[in-house]
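Inspection log for the structure reproduced underneath, given as structure tokens.
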Amino acid sequence: MRGHTGDVFLWLIGGSAGSFNPIRRALHQITYMPDVAIVLCLHRLRSPRLGMAEALGKLHGWEVLEPDDKTPIRGGQIYVAPADYHLLVEAEGYLSLSVEEPVHFSRPSIDVLLESVVQARWRRAAAALFSGANKDGAQGMYWMHKAGYFTAVQDPADAEIDTMPAAALALFEPDVKFRAEDFPKVLMQALTL
């Protein structure tokens with residue numbers, strides 16, 4: 001996994017139906033880390049009533065934002081994919097937005113985000129996939145796994161809707177299969193590898 005020379009560790013988290021509350025709970029349990037950036041790609045309404053950054057609430061130390069096109073990737077940030085845009089990681093060290101066609105009926109698409117990390121050859125990254133009602137994210141997780149990145153998939157038995165994690169597990173064996181309540185430990189485990 002040679003590529004971007006930046007020291008920011010990218011933690012990519014994808015999910016859909018049934019994922020928001022467990023992810024929000026996990027984020028409220030993790031310690032602020034100035035050399036880690038978390039990128040959330042969660043399926044959402046095209047015109048949400050409330051911004052997802054606001055819905056996550058105040059997180060100790062972390063700045064939570066929906067990035068604009070060409071937003072630089074910095075540690076200590078939690079980036080939330082904006083409604084109705086694909087979010088991509090660029091090798092030059094920034095996030096870009098795209099209005100390309102939806103993937104698996106989803107924009108933002110988890111597959112698009114994860115594939116962009118592999119194509120950017122980002123040096124240090126990990127990805128996790130939570131509950132969801134379609135197969136978006138399964139292929140992207142497989143690409144991350146094949147490229148040698150740390151991958152974690154929620155145990156389908158623990159997911160509110162098991163379609164998404166089950167689709168990923170049908171393609172490959174991740175480094176970790178986790179229960180939502182254990183995700184903060186999984187996040188820290190990836191940082192020590």
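The values are calculated or read from the model by the stated rules, or taken from the named source; none is laboratory data. Computed from a predicted structure; not experimentally measured. Positions of Cβ are backbone-derived with ideal geometry, glycine not excepted, and every protein chain shown enters the neighbour counts.
Filtered by the rule that a residue be in contact with a strand residue (DSSP E or B) (Cβ under 8 Å, 6 or more places away or on another chain), closer than 16 Å to Gly15 by Cβ and among the hydroxyl-bearing types (Ser, Thr, Tyr), segment 102-127 gives a lone residue, Ser109.
Restricted to segment 45-76, and to residues there that are at pLDDT below 95 and outside any loop (DSSP other than H, G, I, E, B), the residue that is farthest from Phe20 (Cα to Cα) is Glu63.
Is it true that Asp7 is over 23 Å from Ala180 (Cα atoms), at pLDDT 90 or above, part of a loop (DSSP other than H, G, I, E, B) and over 14 Å from the mean Cα position of the chain (by Cα)? Spell out the reasoning first.
Values: over 23 Å from Ala180 (Cα atoms): yes; at pLDDT 90 or above: no; part of a loop (DSSP other than H, G, I, E, B): yes; over 14 Å from the mean Cα position of the chain (by Cα): yes.
No, not satisfied.
Scanning segment 154-163 turns up no residue that is of a type in the set (Val, Ile, Thr) and over 24 Å from His104 (Cα atoms). List the number of the failed condition for Thr163; all other conditions in (1) within 30 Å of Asp7 (Cβ to Cβ); (2) crowded, with 16+ Cβ neighbours inside 10 Å; (3) of a type in the set (Ser, Thr, Tyr) hold. If we test Thr163 against (1) within 30 Å of Asp7 (Cβ to Cβ); (2) crowded, with 16+ Cβ neighbours inside 10 Å; (3) of a type in the set (Ser, Thr, Tyr), just (1) comes out false.
In the set (1) in a loop (DSSP other than H, G, I, E, B); (2) closer than 25 Å to Lys58 by Cβ, Leu87 fails one condition alone, (1). Go through Tyr94, Tyr149 for me and flag whichever is touching a strand residue (DSSP E or B) at 6+ places or on another chain (Cβ under 6 Å), touching a residue at least 12 places away in the same chain (Cβ under 8 Å) and surrounded by fewer than 20 Cβ atoms within 10 Å (Cβ to Cβ). None of the other options fit; the residue is Tyr94.
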